[in-house]
Structures are given as structure tokens and as C-alpha cells.
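First up is the structure itself, then whatever we jot down about it.
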Amino acid sequence: MVSEIISSKELKKIDPVFGQHSFDDHEQIVFCNDKDTGLKAIIGIHNTVLGPALGGTRMWNYKNEWEALNDVLRLSRGMTFKSAITGLNLGGGKAVIIGDAKTQKTPALMRRFGEFVHSLNGKYITAEDVGMTTEDMDTVREVTPYVTGISESKGGAGNPSPITAYGVFMGMKAAAKFKFGSDVLEDKNIFVQGIGNVGEALVEHLVNEGANVTVADLNQDHLETVRDKYGVTIYGGEDIYSEAMDIYAPCALGATIDDDTIYKIKAKVIAGAANNQLAEEEKHGRILRERGIVYAPDFLINAGGIINVYAELEDYDKQEIIRKTENIYNTTLEILDSAKVNDLTTHEAALNIARERIETRKRENSK
Ligand code: NAD
């Protein structure tokens, strides 16, 4: 037994779950294991005050379980605030599957994962995230109704990424309006880091508007495809953060704004799709503000995807999805203004509004 090997004092020091740096009063954390399919997953349910915890499943080759746990804690918390600020009646949840999506994902593994989701009786509803496709969600749908982001041919709202990209585009325009006095992105130098499902769709909007777009990705083949398709420039340097640019759009993984990068960043605006862009919200949010860099909070501007999948639960149409997503422009401007007036970081201003909505509902529920 572990307790025989590690003294209780040492065990306390480790605090494996509730003492994690990223633990923020999460309601429930579910560890899922299945030997036959090789499934190792963690479902994080952060908060269900506003509704069932909805958030995608990420499959990633994490270096270790700590990294996976940290990711699911951060991501599920982010979903709580994303849905709250977007006005959706949803709580925050997320799942991670530990493994390589290219080589280890099988239909049997996805079905087994779906069974674990089903065992939560709708408290957690899944969708796609990095490493997942609508087809994977269709597979999960075979064993549970608690899944969104399924194919349009199967009655779902389809791939959420184009709508996410559209919302990011709206948020970026609002941030440009705030910083430059105009939301026109023509001739702006914009770096898109990560040209996957969302990043590529964002590139298309930016190119259509006449922006000068530079792209970076780990996948060289895809970089060349995107360059040829949209006429953008492939980033050839060593350190994207130090480059002179108007707008930096992080669209790969989170925490790219950290102690190493934050003082190098020359961008005047940061607006992208990646979740949890600030490695440390308070500290890095504050430094960005001190440096005069306008940061459009990630959980606010990347909400298009959740708006899209929410349509499957609430049964609203494409027009309503677009209307709600376009509203990200107004909400972003309101938050940026409010941060300025109240002397807050933009992240804090957005969190305050989201928290207020949750607290109000909590008070109503307890009446
Ligand atoms: P994706 O897996 O399709 O694309 C990610 C891309 O980033 C890949 O092309 C990958 O090669 C690239 N990448 C990874 N590490 C990189 C690095 N260090 N430098 C440059 N490129 C790198 O994922 P996606 O669906 O486009 O999502 C992108 C981000 O947006 C994720 O953080 C995701 O959580 C977030 N997000 C996505 C949605 C959605 O609807 N898909 C919604 C909200 C938030």
C-alpha cells in the first residue's frame, strides 16, 4: 500500500489532486481506466451551477499524468467561465485522454470513453477538442446521448471549429477597434501560431479582409498547403514572440504567454483561439496590461465552438449560432472598456462578469 511506503506527512505534502496548483474548487474529477482498450482518461467537472458541465475531450500525448491532470483542471475551469460569459446555461467540464491520437485512438477506445461519460448521467457532456473529430463524437454517440459536436448528417451541429474561428475573428476585430481605433484588419501584420482546424479557418477570414498573415505550425506539409491556398507567409524565424507584429493570434496549445515570452512580445494585440493562453492569469495579465498590450480574453473570444454545440441541446438554428457568435464583438469591446475604466486586467474584467452570473444563479437556486 502506498501509505506503507510514504509517510502520511509526505502524502500530505504531495496533495495529488485537491492541492494541485490548478485545482480551483472543482466539483468532481473522474479517472477512467480500461485495460482492454488502453483508455486512460480524466474527466474534470469544474462547476455545474449554470447547467451540465459541457466541454470537449482532448487526446494528447502528455509527458506524464501530472501534465494531463493539470490540463483537465485548467481547461474545465476555463469552460465554466466561457459558458458563463457567453450567457449559456452550461457549467464547465472537460476531458483528457492520455495518448497519441494518431496511433492510439480506436473506435473501441472512444466507445469505452463514451461509457464513462454515460455513467455520469448527463452531469458532463462531451464534444471534440484537440485530437478529436466529429466522427469520434459519432462513435461516442453510439453509447451515450451526452455528447455534442456530432456530424450534421447525424443531426448534430457539425464541426465547431469554423464557428470558433469566426468568433475569434470578431473578438480580434473588437480588440483592434479598442487599440487602433478601427476594426479594419486590412494591412495589419498578423501572426497565426497553429493552423489546425481553427487556425486555418481564421487565416481565411484574415486574408479575405486583406491582412498580412504569417503562419507558424509544427506540421511543415500543412504549412505549405495553407501558404499555397491563401498566399500567406510561412514563419521562418526562430522566435515568433520577438517579431514585430500588430496582432499575435495563438491558435495552438495554451500557456504560450509565460515568464519566458512575455517581455519579448512586440505585438500590440493578442487575440487567438487557444485555451488558457496566459500561463499565470493574474501575473501575466498584469504584465501585458503594464506593457500596453491589449489581450482579448481567450475564453471570451473562442466561445464560438460552444455556441455551436449548445445549439444541439437547445435546438436553435445556424442563424442564431451566427448571431450569438457575432455578439462576441460587442462583449469583447465591453470587457476591454470595463477593464480600462476599473483599472483591471482584461482577464480579470471578463472573469468578474462570468463569476457574477454564476453567483447570481447560485443565490436564485438557493431561494
Ligand atoms: P488542432 O489540433 O486542429 O490544431 C492545432 C495546431 O497547432 C496543429 O496544426 C498543431 O500542429 C499546431 N501546433 C501545436 N503545437 C504548436 C507549436 N508549438 N507551434 C506551432 N504550432 C503548433 O486544434 P484546433 O481545434 O484548431 O484548436 C486550436 C486551439 O484552440 C486549442 O487550444 C483548442 O483548445 C482551442 N479551441 C478550439 C476550439 C474548436 O472549436 N476546435 C474551440 C475553442 C478553443
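Here are the numbers for the structure shown:
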{"quantity": "Rg/Rg_ref, the range 1-157, where Rg_ref = 2.2 N^0.38 Å and atoms are Cα", "calculated": "1.06"}
{"quantity": "Candidate lysines - alpha carbon under 22 Å from K102, same-chain residues fewer than 8 apart omitted", "calculated": "K35, K40, K63, K94"}
{"quantity": "Nearby lysines by direct alpha-carbon distance to K177 (threshold 26 angstrom, same-chain neighbours under 8 apart not counted)", "calculated": "K82, K188, K264, K266, K268, K283, K324, K340"}
{"quantity": "Accessible area of the chain belonging to carbon and sulfur atoms, whole % at 1.4 Å probe", "calculated": "47 percent"}
{"quantity": "Value of [θ]222 nm, deg cm²/dmol, for the chain, DSSP H segments ≥ 4, -39500 (n - 2.57) each, nearest 500", "calculated": "-14000 deg cm²/dmol"}
{"quantity": "The chain: angle of helix 281-290 to the longest principal axis, Cα-based, in degrees nearest 10", "calculated": "10 degrees"}
{"quantity": "Calculated on alpha-carbon atoms, Rg and Dmax of the range 68-133 in Å", "calculated": "12.9, 38"}
{"quantity": "Descending semi-axes in Å of the range 199-243, equivalent ellipsoid built from Cα gyration tensor", "calculated": "17, 13, 8"}
{"quantity": "Estimated D of the chain in µm² per second, where Rh is the Kirkwood radius over Cα pairs and Stokes-Einstein applies at 37 °C, 0.692 mPa s", "calculated": "157 µm²/s"}
{"quantity": "Alpha-carbon radius of gyration plus Dmax, which is the widest Cα pair, for the range 241-340 in Å", "calculated": "15.0, 45"}
{"quantity": "Solvent-free Debye scattering, log10 I(q)/I(0), computed from the Cα coordinates of the range 137-265 at q = 0.11, 0.20 Å⁻¹", "calculated": "-0.46, -1.14"}
{"quantity": "The range 286-359: projected area of the alpha-carbon convex hull, averaged over directions, in nm²", "calculated": "5.4 nm²"}
{"quantity": "10 Å-binned pair-distance histogram of the range 86-200 (Cα, whole percent)", "calculated": "12, 35, 29, 16, 8, 0"}
{"quantity": "0 to 90° range, to nearest 10: angle between helix 65-86 axis and the chain longest Cα axis", "calculated": "60 degrees"}
{"quantity": "Sorted largest first, extent of the range 321-367 alpha carbons per principal axis (Å)", "calculated": "34, 32, 12"}
{"quantity": "Order by protection proxy (mean Cβ within 10 Å, highest first), peptides 273-281, 38-46", "calculated": "38-46, 273-281"}
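The values are calculated or read from the model by the stated rules, or taken from the named source; none is laboratory data. In this text the structure is predicted, and so the values were computed from the model without any measurement. Virtual Cβ from ideal backbone geometry, glycine too; neighbours counted across all protein chains shown. Surface accessibility is based on the protein's heavy atoms, side chains included, excluding ligands, DNA and RNA. Shrake-Rupley method; radii C 1.70, N 1.55, O 1.52, S 1.80 Å.
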